Amino acid sequence: PMMILPHQAKPNDTFPTMKIAASIILSLQLISAVSSSCSSSNFLTSRSKAFCNHPLKLRGGQQDEAGDVTPSGSYHGDFISPQGEKPKASTIVEVKDTPSPPPTAVASTAAAPLASATSKSSKLANLQERTGPAVLMLGATFLLLKYTGEKGLIGLILLMQLGLYSEATGVVEAFQAKKGSSIDKIESYSVQKWWWFLTAMIYSGRDLIMQHTSLTGDQMNIINFCMSAASLVGAVIQLAMLSGPGTEDLYREYLGKLACCHFSLLFLVGQSSFWIKTVQEYGLGWVLFPAFLVIVNDTMAYVFGVLMGKHKLIPKLSPKKTVEGFVGAGLSTVAIASPLVKCCIGGDIPNLGRHAIILAVYASLVSPFGGFLASAVKRAHGAKDFGALIPGHGGVVDRFDCQVVTAPFVYLYLKNFYNVES
């Protein structure tokens, strides 16, 4: 609002003293208002800045030696005009708060090609790192099978099952240890953990045991049942002996590890045991051929992902997997199935190419989900790999997570379809 300030007391004024006091009060309010507006960051004027930063000099007023100003004139927003002078146009310039574009937009657009190039360079370097150990593993496996045959493969599977179980349970135990695990209060947990593993191994390898001993199938069933019952009774007695504060939390932690151990036995050890049954009933070739299919699929998924990958397949579980890699790997696996099966199996077998393509389709569409599940377990427990046994690949689970999903299908398919046609 515009405020009129009397510049002098007229003769006919009845209360000149009160008007002078009112003028002083209004002047102080004016100075306070202008000063506060100068401190605003969104509404500043050139004159108001000068007014704030320099000694007070108002147009139309008089300044005495002490620096006091006697105002005379009218206030027009950013200046005071003397009495009788026409008010000039306001010099206030409103600075509009125009939203500026986010600074990251240009940066992210400019950095996108650089990030893509860096990602591809990193993937290629990782591919080179993985190639050497993979070649060594294949070479060592070839030499082992060449000189030991089926027995060497069975021994290798048994060692692999030990590594699968140890790594899978170790990831969970390491995660709980970081959170402050109190499972050490159950002194027999380590004994129980490996007792369950031994029970499962005896059951899955019962045919192998009966071949080298005089035990019958019924006797093996009794042995397995007694071992399972002993583990159940021992676990419950151990839990019943716990007491003190935090017992419920300890129960919960123990049961979580119990579930982890049994899931590892079922998913990893149980499924991989079908390799032993396959090699015993159908020969070495029907174990190697599906294994090579999974290796080809995994390798080509990585290659297509590096060269063409743009769309994430399952970003929340496995961020590095791409749709292009999944599709390219599937086509490559199916394409190589027929010539590969002739190298591994050989002979004049009816519909061998059809069997090969069916196994290749399964290895392309279903087997990779074993790797996705393994990625979910690692992500849930803050682990990059299950182990560090194989440079560039991680541990045994990291290398064979897709293979274990393939093993039961191959055996069941051969038993129900391959046997009939043979």
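The values are calculated or read from the model by the stated rules, or taken from the named source; none is laboratory data. Because the structure is predicted, anything quoted here is derived from the model rather than measured. Glycine also receives a Cβ, built like all others from the backbone with ideal geometry; neighbour counts cover every protein chain displayed. All accessible areas refer to the heavy atoms of the entire protein, side chains included, with ligands and DNA or RNA removed. Shrake-Rupley method; radii C 1.70, N 1.55, O 1.52, S 1.80 Å.
Just a few scattered comments:
- Meets criteria (of a type outside the set (D, E), open to solvent by less than 50 Å² (accessible area, probe 1.4 Å), at pLDDT below 95 and over 37 Å from the mean Cα position of the chain (by Cα)) for G234: yes
- Looking across segment 350-366, the residues that are in contact (Cβ under 8 Å) with a residue 40 or more places away in the chain and within 14 Å of T333 (Cβ to Cβ) come down to A356, I358, L359, A360, Y362, A363, S364, V366.
- Helices (runs of 4 or more DSSP H) fully within segment 256-370 counting 2 or more residues that are more than 20 Å from F417 (Cβ to Cβ) and among the hydroxyl-bearing types (S, T, Y): 271-282, 285-308
- Only a single criterion out of (1) assigned to a helix (DSSP H, G or I); (2) out of contact with any Pro (no Cβ under 8 Å at 6 or more places or on another chain) is not satisfied by G244, namely (1).
- For segment 346-366, the criterion of being open to solvent by 60 Å² or more (accessible area, probe 1.4 Å) and acidic (D, E) is met by at least one residue.
- Identity of the residue in segment 367-397, in contact with a Gly (Cβ under 7 Å, 6 or more places away or on another chain) and either free of Cβ contacts under 8 Å to residues at least 60 places away in the same chain or over 21 Å from T131 (Cβ atoms) (or both), that ends up most open to solvent (accessible area, probe 1.4 Å): A388
- Some residue of segment 390-407 being at positive phi and in a loop (DSSP other than H, G, I, E, B): yes
- Selection from segment 275-291 of residues that are surrounded by fewer than 18 Cβ atoms within 10 Å (Cβ to Cβ) and hydrophobic (A, V, I, L, M, F, W, C): L284
- Residue match in segment 162-170 (condition: over 27 Å from V405 (Cβ atoms), within 39 Å of the chain's Cα centre (by Cα), without any contact (Cβ under 8 Å) to a residue 40 or more places away in the chain and not in a loop (DSSP other than H, G, I, E, B)): no
- Cβ-Cβ under 9 Å pairs, at least 6 apart or on other chains, segment 217-239 side in a helix (DSSP H, G or I), far side of a type in the set (K, R): G217/R206; M220/R206; N221/R206; I223/R206; N224/R206
- Restricting segment 213-229 to residues that are farther than 19 Å from Q192 by Cα and among the small types (G, A, S), the residue that is modelled with the lowest pLDDT: G217
- Members of segment 292-327 found to be crowded, with 19+ Cβ neighbours inside 10 Å, free of Cβ contacts under 8 Å to residues at least 40 places away in the same chain and in contact with a strand residue (DSSP E or B) (Cβ under 9 Å, 6 or more places away or on another chain), listed by number: F304, G309, L313, T322, G325
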